[in-house]
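Heads up: the structure comes next, in structure tokens.
The values are calculated or read from the model by the stated rules, or taken from the named source; none is laboratory data. Remember, it's a predicted structure, so these values are computed and weren't measured experimentally. Because the Cβ atoms are built from the backbone with ideal geometry, glycine has one as well, and the counts that use them run over all protein chains shown. Areas reflect the complete protein model, heavy atoms only, side chains present, ligands, DNA and RNA absent. Shrake-Rupley method; radii C 1.70, N 1.55, O 1.52, S 1.80 Å.
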Amino acid sequence: MSSKFDDDDINDDELLAACNDDITTKKTDLIVPIVEISSFGFPFEPYQIQVDFMRSLCSTLQQSKHGIFESPTGTMTNQISSKFDDDDINDDELLAACNDDITTKKPALTVPIVEISSFGFPFEPYQIQVDFMRSLYSTLQQSKHGIFESPTGTGKSLSIICGSLRWLFDEIQSWKDEYEELSKPIESKNDSSSDDWLKRIMKRKEEEVIREKRRDELKVKIDLEDQYANASKNTLAASIKKTKRDFDAKYRQLFNSELLQNSDNDSPTSKDQFKIDNDDELSDEELLIKDTDTKTLFDDMDSPTKTDKTGLRDKKVHIQKIFYCTRTHSQISQFIGEIQKTKFVDQLRLVALGSRQNLCINESVLKLKSITLINEKCLDLQKQKKEKKTTKGKRQKTACGCAFLQQDRVECLSNDILSDVQDIEDVVKLGRELNTCPYYATRAAIAAAHLVVLPYQTLMHKSTREACGIEMRDNIVIIDEAHNLPDAICSMHSNDITGNQLIDSYGQLSRYHEKYKARLTAKNLLSIKQLLDVQLNLIKTLCSQENLPVVYDSEKWSNLVISSNSTEKSTTFDLIDYLCDAGIHVNLFQLIDYIKTNELTKKLHGFMSKYPVTKNELSDEKKTTESALQKLLQKQTQKQLPANTLDEEQLNKESTEYRISNSFAIFAQFLQALTNPRDDGKVIVTTKETLGQCSIRFFALRTSSFFNEIVNEARSVIVAGGTMRPISEFIDHLFLACGQPEEKILQLSSNHIVPSENVLAVALPSGPKNIEFEFTAANRSNTAMMDELGRVLISLCSTIPDGLVVFFCSYDHLQKTYAYFEKTFVLNKIVAKKKIFMEPKRTSDVDNILTNYTKSIKNGTGGLLFSIVGGKMSEGINFSDELARCVCVVGMPYPNIGSAEMIEKMRYLDSMKLKSTTTGDNTGRAYYENTCWKAINQSIGRAIRHRGDYACLLLIDKRYSKTNIPSKLPHWLANSFYQMNNFIQISNSIQQFFTRRSNNQTSL
């Protein structure tokens, strides 16, 4: 008998009609069990059609059948849909729904409110410090990124330390707590009534596998933390090391005295000994480029994942850590000093990184002036085998050419570094005591450290990160003093070279090629020829090819006239277009690799040291016939010259030698810059009067290209500073451009801790004779304005006690004003009231100037310090209390809007704004304004350093009287800023301010 479902007898319409009348779309008869309505968990009283729908759906799933359901719009299908709907839930929720006893859905991350006392703040924190620490802790806990603004003097560094380290140690403790919890057996409930026992068993088995895997991961972390903690705190090892250190110190003392006696006797043995140490002058064989590569003991530290052939260095597993980086060495020292005030100092493992210039203790390496040459010299000393003559005249093989680089001692020193919180100076001192290299010891300590303190350059340059063995994955990156971070990143990756440097580097390589071409292989000759062609083509982009003399002559090429007038002209090129126009079609990556692999920079430096060239180069015959007597007379003549003349000549000589010896290293760095992607920057060619004065610059524009790896690999990136406005600049260029979602970026902007009555900020548009100030680039030589400025400063010196710091927009402006004040006797009138100091050009002189300035104020003489906005004293220097009772900013430090760099930057930002999703004003014009105001705000922030501090801030220029100026200043300064037009009124306000403060101090 044929059924009604026989396809031969009925059509589709009849088939559908044969289905149940209540559920018209079901193709099979369903046995619907009676399920209690309440068990469905419907959020309110369901309609009958909803009850039928749920019962039918439940039955279909129970019988493992398929179904087609139709429900009119408005009958709340979404509410009726069961928790087995794959579109709404994931697999974990589906499995959890099978058995309510086993819950696998992870709860939402909740950030606990951390007790203030647990932060370990060294004294009672202010509320803004508590908010800062809690916000930082929350950001790290949620694996988000943060932009933190806290005014200078509000304890920002301490807040960063306590907030981040509290999170880190809580995270370590959470591993142990979670491991303990996972080690407990799973509690199971007996539920014999359930029909899903098989699913429950499978689910439990799966959960056990997940728990075991997580438990193993935690055990590795915990064991590693314990291992590193024991290594740095092992008292037995520490005592052994101390004994060994004392013995080494005594041995060196005896050995040095013996060498001194030998040198007095002028014995052949002592001469040989010292000749071995002085290996600066290399033999021709050592200067030759060979096809075989030599490996260094530490593999150049470029591949931390490798193990060297001698087995002396294995890769260490890194624990989770915090990388804290800031701009200068002095700021690193200040930060470590703040850590030493906290309770974390006893359990913290910290290492501070620095360059070889800061950490090397090998004098033969340190005496080299160029950082590139220092690096290459260090690496050259790491050759695996080196012959050394013993005192008995025999030769023996040593593991490394550097006596300070022995693996067991490096490991020992790295443990010593981690055993206590130490600054770079402390590490160098310890390295000298142990006769061990601090540079490699600090790098060996990175894996075990909780906190790594390092300068910007080390973190931002990918090659430097890799060379140091720095791993970003799942670690925390905190960048302090980040107000100029986008510009700083671009500046680090920009590179330029002058015409003189190109000419010198071409001359070096040409002479080397001519000297050894008969002894070099065809492969090496080809590579050197390609390098020479690249150098020559770059030189020809600066001048017309027909004007360049065919025969190389350094002086003629350098003095070749390019332009009849002295004004410079800049032309901007696309990177690829520039290389094509220059005729550079070789593989630059291969040439860079050739330079590094064959240590060409070091070999050329050695070649120039062995065969030097001077401007007045003598012939070979004259050199050989020059008598010893003539040399002696020349030395005696030099001794009779005045000391200042000798110093000037020596300085010029050193400068010339440095330029010549370092020119190829600069060329190699510039070549590296030319390998950047074309969208990352532009090439700017600047022509001047002569070829030697011209320059080529790769100007980096795209910040995200160089920051992308850091922000995408790290768990959290925190940028912090005293003046972070506009914050949209950081969001757009550091995070969104690197692919980070906007909801993952948190912001915090704190007020100042100082009361508003402790600050008086005034705009000064004119002086005592009502002459208006407008220190634009065109007006800075205006004598009437300089006279008026002199009268203002004389008046301020009479009114303001202790220290007065005056910031100028440029060093040129300061020099012109200082010379004019000297000519018009303004300085004499100031000196009668306060001693005058000026910011030095050389960084090495800054500490001396600051020390003398402080002494002058402390002994009651007072002091006036002339400084530069954006200079050495506008960042990282604390003029607290009496060191700066007044800070003046003369003019507005706008950058040169007509420069090629500024034009390209503004054009690039305008194009980026079209793609931006934020509401912030990040156009080129806004960038131009913000660059000026960031510099101003950094300078005026030097004065207020703590809650009880007070100071007057004077902005000297009529442009500060505009109505929009208060919005440009830090928000905490808004209630203390006044715009007055009358100098007498301003002078009276300043006098009343200090009188009031003096009375308050007396009453206290």
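Details
- The residue that is farthest from Val754 (Cα to Cα), counting only those in segment 975-986 that are in contact with a strand residue (DSSP E or B) (Cβ under 8 Å, 6 or more places away or on another chain) and open to solvent by 70 Å² or more (accessible area, probe 1.4 Å), is Asn981.
- If the condition is being under 21 Å from Val792 (Cα atoms) and of a type in the set (Phe, Trp, Tyr), then segment 955-994 contributes Tyr960, Phe977, Tyr978, Phe983, Phe993, Phe994.
- Count of residues meeting criterion [closer than 16 Å to Asn981 by Cα and in a strand (DSSP E or B)] in segment 744-773: 7
- Filtering Glu742, Glu774 for residues that are open to solvent by 40 Å² or more (accessible area, probe 1.4 Å), within 35 Å of the chain's Cα centre (by Cα) and among the charged types (D, E, K, R) leaves a single hit, Glu742.
- Flag if Thr931 is among the β-branched types (Val, Ile, Thr) and in contact with a Phe, Trp or Tyr (Cβ under 8 Å, 6 or more places away or on another chain): yes
- Residue match in segment 582-602 (condition: open to solvent by less than 40 Å² (accessible area, probe 1.4 Å), touching a residue at least 12 places away in the same chain (Cβ under 8 Å), in a helix (DSSP H, G or I) and more than 22 Å from Ile696 (Cβ to Cβ)): yes
- Checking the stated criteria, Thr799 turns out to be among the polar types (S, T, N, Q), in contact (Cβ under 8 Å) with a residue 40 or more places away in the chain, farther than 27 Å from Trp933 by Cα and open to solvent by 20 Å² or more (accessible area, probe 1.4 Å).
- Only residues that are touching a Lys or Arg at 6+ places or on another chain (Cβ under 8 Å), open to solvent by less than 10 Å² (accessible area, probe 1.4 Å) and hydroxyl-bearing (Ser, Thr, Tyr) were counted in segment 425-447, giving 1.
Yes/no matrix, rows are residues, columns are (1) at pLDDT 75 or above; (2) in a loop (DSSP other than H, G, I, E, B); (3) assigned by the TED database to the domain that holds Pro455:
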{"position": "Asn358", "(1), (2), (3)": "yes, no, yes"}
{"position": "Ile361", "(1), (2), (3)": "yes, yes, yes"}
{"position": "Ser364", "(1), (2), (3)": "yes, no, yes"}
{"position": "Lys369", "(1), (2), (3)": "no, yes, yes"}
{"position": "Glu376", "(1), (2), (3)": "yes, no, yes"}
{"position": "Lys388", "(1), (2), (3)": "no, no, no"}
{"position": "Gln396", "(1), (2), (3)": "no, no, no"}
{"position": "Leu405", "(1), (2), (3)": "yes, yes, yes"}
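- First in segment 218-229 and under 9 Å from Ala448 (Cβ atoms), second anywhere and open to solvent by 30 Å² or more (accessible area, probe 1.4 Å), Cβ under 8 Å, 6 or more apart: Leu224/Val317
- Looking only at residues in segment 841-853 that are modelled with pLDDT under 90 and within 19 Å of Gln331 (Cα to Cα), the one that is nearest to the chain's Cα centre (by Cα) is Thr843.
- The single condition among (1) surrounded by 14 or more Cβ atoms within 10 Å (Cβ to Cβ); (2) free of Cβ contacts under 8 Å to residues at least 40 places away in the same chain that Trp972 does not meet is (2).
- The helices (runs of 4 or more DSSP H) located wholly in segment 823-931 that include 1 or more residues which are small (Gly, Ala, Ser) and open to solvent by less than 10 Å² (accessible area, probe 1.4 Å) occupy 846-858.
- Residue in segment 701-720 that is among the β-branched types (Val, Ile, Thr) and closer than 23 Å to Gly870 by Cα present: yes
- Among the residues of segment 945-969, those identified as assigned to a helix (DSSP H, G or I) and open to solvent by 30 Å² or more (accessible area, probe 1.4 Å) are Lys958, Arg959, Ser961, Pro966, Ser967, Lys968.
- When the residues of segment 459-475 are filtered to those that are in contact with a Leu (Cβ under 8 Å, 6 or more places away or on another chain) and of a type outside the set (D, E, K, R), the one that is surrounded by the fewest Cβ atoms within 10 Å (Cβ to Cβ) is Cys468.
- When the residues of segment 448-458 are filtered to those that are touching a residue at least 60 places away in the same chain (Cβ under 8 Å) and surrounded by fewer than 22 Cβ atoms within 10 Å (Cβ to Cβ), the one that is nearest to His318 (Cα to Cα) is Thr458.
- Glu124 within 21 Å of Ile745 (Cα to Cα) and of a type in the set (D, E, K, R): no
- Test: residue in segment 100-118 that is at pLDDT 50 or above, assigned to a loop (DSSP other than H, G, I, E, B) and open to solvent by less than 30 Å² (accessible area, probe 1.4 Å): yes
- Top-ranked residue of segment 746-761 - restricted to ones that are open to solvent by 20 Å² or more (accessible area, probe 1.4 Å) and modelled with pLDDT of 90 or more, ranked as nearest to Arg945 (Cα to Cα): Leu748
- Members of segment 669-704 found to be assigned to a helix (DSSP H, G or I) and open to solvent by less than 50 Å² (accessible area, probe 1.4 Å), listed by number: Phe670, Leu671, Ala673, Asp680, Leu691, Gly692, Thr703, Ser704
- Test: residue in segment 515-532 that is farther than 21 Å from Leu671 by Cβ, open to solvent by less than 10 Å² (accessible area, probe 1.4 Å) and over 39 Å from the mean Cα position of the chain (by Cα): yes
- Phe735 fulfils the conditions (1) touching a strand residue (DSSP E or B) at 6+ places or on another chain (Cβ under 9 Å); (2) outside the structural domain of Pro895 (by the TED database); (3) surrounded by fewer than 20 Cβ atoms within 10 Å (Cβ to Cβ) except for a single criterion, (3).
Conditions (1) surrounded by fewer than 20 Cβ atoms within 10 Å (Cβ to Cβ); (2) within 19 Å of the chain's Cα centre (by Cα); (3) in contact (Cβ under 8 Å) with a residue 60 or more places away in the chain, marked per residue:
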residue: Glu124; (1), (2), (3): yes, no, no
residue: Asp131; (1), (2), (3): yes, no, yes
residue: Tyr137; (1), (2), (3): no, no, no
residue: Ser143; (1), (2), (3): yes, no, yes
residue: Phe148; (1), (2), (3): no, yes, yes
residue: Pro151; (1), (2), (3): no, no, yes
residue: Lys156; (1), (2), (3): no, yes, yes
residue: Ile161; (1), (2), (3): no, yes, yes
residue: Ser164; (1), (2), (3): no, yes, yes
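- Pairs with Cβ under 7 Å, 6+ apart, first in segment 831-847 and aromatic (Phe, Trp, Tyr), second in a helix (DSSP H, G or I) and open to solvent by less than 30 Å² (accessible area, probe 1.4 Å): Phe837/Tyr853
- The residue pairs whose first member lies in segment 713-727 and is in contact (Cβ under 8 Å) with a residue 40 or more places away in the chain, whose second member is open to solvent by 10 Å² or more (accessible area, probe 1.4 Å) and among the β-branched types (Val, Ile, Thr), and whose beta carbons are closer than 7 Å, counting only pairs six or more residues apart or on different chains, are Gly722/Thr152.
- Which listed residue, of Ile576, Ile666, Ile660, is buried (at least 17 other Cβ atoms within 10 Å of the Cβ), of a type in the set (Val, Ile, Thr) and modelled with pLDDT of 80 or more: Ile666
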